[in-house]
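Engineer: Questions regarding the structure given below will be posed in turn.
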Amino acid sequence: DAGVTQSPTHLIKTRGQHVTLRCSPISGHKSVSWYQQVLGQGPQFIFQYYEKEERGRGNFPDRFSARQFPNYSSELNVNALLLGDSALYLCASSQIASSGNTIYFGEGSWLTVV
Amino acid sequence: AQSVTQLDSQVPVFEEAPVELRCNYSSSVSVYLFWYVQYPNQGLQLLLKYLSGSTLVESINGFEAEFNKSQTSFHLRKPSVHISDTAEYFCAVSEGNQKVTFGTGTKLQVIP
C-alpha cells in the first residue's frame, strides 16, 4: 500500500505569493495533520482535519489555512508568503483522530521563499 | 500545555558502543510518548511508542525506551549502534488529541 504522499516535493516562491501543498493519506485513513519543520527544529503542529472538519489548530497566523476533501486528501494553503515560511511541510495521516493512534508522515514538501 | 525537552542537540558515539538519547516531557495529564527518526532529506518515521501498559517499549531495530512517570522521562537507548543509525531522533508527546508536540531533536552521529 502507498504511504502518505505529498506534492510538490520541492518548490520556490517569492515573498508575497501564495502556495498550495497537497497530501494524500494512506488508504483508509480519515485524519490528516499538517506540520511545519524549520531547519534545525522539530516539527510544529499546524492543523488537524478529521472527516473534513478542522479538529485542531496550532499557533500559526491566519495566512495559513487548510481543508480536507471527501476522499480525505488535504490541501495546505499559505498566503502572503514570508521568508520565515521557508520550511519542510509535513503531512501525516491516521485512521482515527484519537490520541495514541499512530500517525504516519509523508516525505514532506520543501518550500523555499526568496 | 505539553512540552518536550531534548537536552542533547548532538551525540557522537563510536560504532558498536551503547547510546542514550535523553527526553523529558511536561504535561498536566496522561500522555502518549513517541520517538521518531528522520534520515537526511526524508520525512519522519515512527521508531517506537508508549501508550499504556509495560513501561519498556522496543523497536524492531534494537532501540528501546522506558517511560518513567516520576521523572517525566522517556529516554531512548541502544546497546550497540551501527553506522546506519546515524540520523536525527525526535521525542514527541501527545495528550488527548492528535496534536503531537515534538522536541528539538538529537542528531546521532555514529563514528566508524
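The values are calculated or read from the model by the stated rules, or taken from the named source; none is laboratory data. Quick caveat: nothing in here was measured; it's all calculated off a predicted structure. Cβ: placed from backbone, ideal geometry, glycine included. Neighbour counts: every protein chain shown. To get the accessible areas, we keep the full protein, side chains included, count just its heavy atoms, and leave off ligands, DNA and RNA. Shrake-Rupley method; radii C 1.70, N 1.55, O 1.52, S 1.80 Å.
Engineer: Put simply, what bits of the range A:45-75 lose 20 Å² or more of accessible area when the other protein chains are there, versus the chain on its own (1.4 Å probe)?
Structural biologist: So the qualifying set is A:45, A:48.
Engineer: Where in chain A lies the longest segment free of trypsin sites (Lys or Arg not before Pro) that are both loop residues by DSSP (not H, G, I, E, B) and have at most 14 other Cβ atoms within 10 Å? Walk me through the numbers on the way to the answer.
Structural biologist: Working: sites that count: A:15, A:52, A:63.
Segment A:64-114 is the longest.
Engineer: Let me know the volume per residue of the alpha-carbon convex hull for chain A, in Å³. Before the final figure, lay out the partial values.
Structural biologist: Values: hull volume 10.8 nm³, N = 114.
In chain A, the Cα convex hull volume per residue is 95 Å³.
Engineer: In Å², what does the accessible area per residue of chain A work out to with a 1.4 Å probe?
Structural biologist: Working: 5350 Å² over 114 residues.
Result: 47 Å² of accessible area for each residue.
Engineer: Antiparallel versus total DSSP beta bridges in the protein assembly as shown: what percent is that, nearest 5?
Structural biologist: So the antiparallel bridges in the protein assembly as shown amount to around 90 percent.
Engineer: How much accessible area is lost when chains A and B come together, counting both sides, with a 1.4 Å probe, in Å² rounded to the nearest 100?
Structural biologist: Using a 1.4 Å probe on protein heavy atoms, the buried area is about 1700 Å².
Engineer: Just name one of A:60, A:32, A:18: the one whose Cα is farthest towards the positive end of the charge dipole of the range A:5-113 (beta-carbon charges, Lys/Arg +1, Asp/Glu -1).
Structural biologist: Result: A:18, furthest along the dipole toward the positive end.
Engineer: Please work out how much length the chain gains when fully extended from residue B:60 to residue B:5, using 0.36 nm per residue of separation minus the C-alpha to C-alpha distance, in nm with one decimal.
Structural biologist: Numbers: separation 55, 0.36 × 55 = 19.80 nm, distance 2.49 nm.
So the chain would gain 17.3 nm between residue B:60 and residue B:5.
Engineer: Something else now. Once you have the alpha carbon radius of gyration of the protein assembly as shown, what is it after dividing by 2.2 N^0.38 Å, with N set to its residue count?
Structural biologist: So the Cα radius of gyration is 1.01 times the expected 2.2 N^0.38 Å.
Engineer: Using +1 on the beta carbon of Lys and Arg, -1 on that of Asp and Glu, and nothing else charged, what's the dipole of the range B:3-111 about the Cα centre, debye to 20? Don't skip to the end; give the middle numbers.
Structural biologist: Working: 7 positive and 10 negative charges, 65 e Å.
Dipole magnitude for the range B:3-111 comes out near 320 debye.
Engineer: Give me a single rounded figure for A:34-42: the average over its residues of other chain Cβ atoms within 10 Å of their Cβ. Mind dumping the intermediate values first?
Structural biologist: On the way: counts 0, 5, 0, 6, 0, 0, 5, 5, 15.
Across A:34-42, the average partner-chain Cβ count within 10 Å equals 4.
Engineer: Pop out the carbon and sulfur fraction of the accessible area of chain B as a percent, whole number, probe 1.4 Å.
Structural biologist: Values: 2730 of 5540 Å².
C and S atoms contribute 49 percent here.
Engineer: Using 7 Å Cα-to-Cβ label points, what is the residue B:26/residue A:59 separation (nm, one decimal)?
Structural biologist: With each label point 7 Å from Cα toward Cβ, the separation is 1.2 nm.
Engineer: Quick one: accessible area per residue over the range B:32-112, 1.4 Å probe, rounded to a whole number of Å²?
Structural biologist: With all protein chains present, the range B:32-112 gives 45 Å² per residue.
Engineer: Over the range A:5-113, what percent of the accessible surface lies on carbon and sulfur atoms, probe 1.4 Å? Display every interim value, and only then the final one.
Structural biologist: Values: 2420 of 4940 Å².
The value for the range A:5-113 is 49 percent carbon and sulfur by accessible area.
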